[in-house]
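Colleague: Dumping the structure here so I can ask a few things about it.
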Amino acid sequence: PNGGFETTGNINLFAGANTRRFVFDANAGIPRIFSFRTGNLPRWAFRVDGVESGSDTGADFAIRRYNDAGAFIDSPIFIVRSTGQTFVGPQTTASGKLVVNSATADNHLQIVGANSPSIRIDNAGSGGTQRFVFGLATATNNFIQGATAGEFCISTQSAGNMLFGMWQTTNASEVMRITTANNLLVGSSVDNGNRFQVSGNSKFNT
């Protein structure tokens with residue numbers, strides 16, 4: 001039970017028609033590691049670690065990366081067991097389910113595709129009735145009528161307006177909106193029917 005097992009051959013596990021489990025069990029707070037190696041030096045590892053102190057804390061999951069000398073570099077993917085929060089890149093204390101963190105200036109998150117690479121936010125996993133999309137228009141998908149390939153587009157597919165504002169602690173302070181009538185409003189949420197409407201003190205310089 002407390003020893004080790006080594007083999008130079010393959011290990012084949014056949015489940016057949018019944019459920020089978022491959023179990024790593026240890027005392028609370030003891031790391032459990034599944035290691036991929038080259039010349040007995042680690043390259044990648046699945047690791048469960050962290051002090052377990054109740055309330056589902058500890059025993060967090062990480063995919064760890066190692067250099068040619070077998071030294072630990074970082075955990076490019078880290079999942080907190082208590083919250084399910086997933087970090088891509090160095091772990092931080094930011095809130096949210098997915099945090100992308102990188103020291104690189106221009107490619108924290110790269111989305112690649114020949115057919116309108118984009119980010120889409122829906123109100124449901126499938127069959128969403130409200131949708132917000134921003135991405136790159138291509139010849140096969142332009143997002144907005146009149147857009148040409150290579151242009152950046154923002155669009156909404158719902159019965160609501162598109163709002164722009166400044167984030168605050170409890171709410172956002174609206175600065176501008178595009179209404180369902182395709183009118184642009186600055187400084188007001190009331191659409192008076194004009195294509196472009198500015199409310200409040202304004203200054204235009206030639």
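Colleague: With respect to GLY16, is the statement that it is surrounded by 11 or more Cβ atoms within 10 Å (Cβ to Cβ), at positive phi, part of a loop (DSSP other than H, G, I, E, B) and of a type outside the set (D, E, K, R) true?
Modeller: no
Colleague: Restricted to the stretch 19-33, and to residues that are among the hydrophobic types (A, V, I, L, M, F, W, C) and surrounded by 10 or more Cβ atoms within 10 Å (Cβ to Cβ), which residue is nearest to the chain's Cα centre (by Cα)?
Modeller: Only one residue fits best here, namely ILE33.
Colleague: Looking at GLY39, is it at pLDDT below 90 and on the phi > 0 side of the Ramachandran plot?
Modeller: No; evaluated as a whole, the condition is false for this residue.
Colleague: Conditions first: (1) of a type in the set (A, V, I, L, M, F, W, C); (2) more than 30 Å from ASP74 (Cβ to Cβ); (3) open to solvent by less than 60 Å² (accessible area, probe 1.4 Å); (4) at pLDDT below 90. LEU184 passes all but one, so which condition is the exception?
Modeller: Every listed condition holds for LEU184 apart from (4).
Colleague: Separate question: In the stretch 129-143, what count of residues is obtained for those that are under 25 Å from the mean Cα position of the chain (by Cα), in a loop (DSSP other than H, G, I, E, B) and of a type outside the set (Phe, Trp, Tyr)?
Modeller: 6
Colleague: Do the conditions hold for ILE111, that is, is it open to solvent by 70 Å² or more (accessible area, probe 1.4 Å) and touching a Phe, Trp or Tyr at 6+ places or on another chain (Cβ under 7 Å)?
Modeller: Answer is no for this residue.
Colleague: Shifting gears a bit: Return the only residue of ARG195, ARG177 being free of Cβ contacts under 8 Å to residues at least 24 places away in the same chain, surrounded by 14 or more Cβ atoms within 10 Å (Cβ to Cβ) and over 30 Å from VAL80 (Cα atoms).
Modeller: ARG177
Colleague: Another question, if that's okay. Residue pairs, Cβ under 9 Å, 6 or more apart or interchain, first in the stretch 53-70 and free of Cβ contacts under 8 Å to residues at least 40 places away in the same chain and among the aromatic types (Phe, Trp, Tyr), second surrounded by 14 or more Cβ atoms within 10 Å (Cβ to Cβ) and part of a loop (DSSP other than H, G, I, E, B). List them.
Modeller: Short answer, once both residue conditions are applied: PHE61/VAL80; PHE61/ARG81.
Colleague: Which of the numbered conditions does THR7 fail, given that it passes all the others? Conditions: (1) within 31 Å of the chain's Cα centre (by Cα); (2) open to solvent by less than 80 Å² (accessible area, probe 1.4 Å); (3) hydroxyl-bearing (Ser, Thr, Tyr).
Modeller: (1)
Colleague: If we scan the stretch 159-172, do we find a residue that is part of a loop (DSSP other than H, G, I, E, B) and either touching a Pro at 6+ places or on another chain (Cβ under 8 Å) or surrounded by 10 or more Cβ atoms within 10 Å (Cβ to Cβ) (or both)?
Modeller: yes
Colleague: Taking the stretch 133-152 as the search range and keeping residues that are among the aromatic types (Phe, Trp, Tyr) and modelled with pLDDT of 90 or more, which one is surrounded by the most Cβ atoms within 10 Å (Cβ to Cβ)?
Modeller: By that ranking, first place goes to PHE134.
Colleague: Here's another thing I want to ask about it. Scanning the stretch 95-108 for residues that are among the β-branched types (Val, Ile, Thr) and touching a strand residue (DSSP E or B) at 6+ places or on another chain (Cβ under 6 Å), which turns out most open to solvent (accessible area, probe 1.4 Å)?
Modeller: Among residues in the stretch 95-108 that are among the β-branched types (Val, Ile, Thr) and touching a strand residue (DSSP E or B) at 6+ places or on another chain (Cβ under 6 Å), the one most open to solvent (accessible area, probe 1.4 Å) is VAL100.
Colleague: Tell me which residues, restricted to the stretch 95-111, are out of contact with any His (no Cβ under 8 Å at 6 or more places or on another chain), farther than 13 Å from ILE79 by Cα and of a type outside the set (Ser, Thr, Tyr).
Modeller: Once the filter is applied, which keeps residues that are out of contact with any His (no Cβ under 8 Å at 6 or more places or on another chain), farther than 13 Å from ILE79 by Cα and of a type outside the set (Ser, Thr, Tyr), the stretch 95-111 yields ALA103, ALA105, ASP106, ASN107, HIS108, LEU109, GLN110, ILE111.
The values are calculated or read from the model by the stated rules, or taken from the named source; none is laboratory data. Keep in mind the model is a prediction, meaning the values are calculated, not measured. When we count neighbours, we look across all protein chains shown, and the Cβ atoms used for this are built from the backbone with ideal geometry, even at glycine. Heads up: the accessible areas ignore ligands, DNA and RNA and are worked out on the full protein's heavy atoms, side chains in. Shrake-Rupley method; radii C 1.70, N 1.55, O 1.52, S 1.80 Å.
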